[in-house]
């Protein structure tokens, strides 16, 4: 029976998108994502679910080699800015330099959502969500925006996200992941090709690369 004043800290659930299209050393791209998740998993951030790994076309088209993408569910007690800092720190250990907006990268980690949290506010989120494509290529927000302002538009995010969090509902758009995915063109969804998974645990994913 819990004692008075002995409160257990809740760990809100969030979703992190992972991607890579530049090999790190001799590792295959899939192994880079497995290693990145292992580096992210800690006392403060627990990786609880992992989608399949997918082969996906580069975005925007012609901007570089094709990607391997996935989405992981996390539980954490960290505030959003601390989560973002941790994601950037993991990226840096894999050689990521945040320079080109949409250039090739050894590792890309994006915080997609953290429960129903909206940051910084609905008005700012709407402005970035509706930003024309040509301006997206040259502009980046100064701070964290949640949910990720592009997640509803991207099959390479929604396909793996639908595996692990199909009923998560966008707090501004009011649509579930399943509904947002259904609204995308069939050709875009067909281009997202599963490679392996889904994974019952992080250890199972990491173990699959132990002999490689």
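The values are calculated or read from the model by the stated rules, or taken from the named source; none is laboratory data. On a predicted model such as this, the values are computed, not experimentally measured, just so you know. Glycine gets a Cβ as well: all are built from the backbone with ideal geometry, and neighbour counts include every protein chain shown.
Table for the structure above
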| quantity | calculated |
| --- | --- |
| One residue from 100, 110, 116 being modelled with pLDDT of 95 or more and in a loop (DSSP other than H, G, I, E, B) | 116 |
| Filtered residues of segment 191-210 (kept if over 26 Å from residue 46 (Cβ atoms) and in contact with a helix residue (DSSP H, G or I) (Cβ under 9 Å, 6 or more places away or on another chain)) | 191, 192 |
| Selection from segment 43-64 of residues that are under 19 Å from residue 203 (Cβ atoms), free of Cβ contacts under 8 Å to residues at least 40 places away in the same chain and part of a loop (DSSP other than H, G, I, E, B) | 43 |
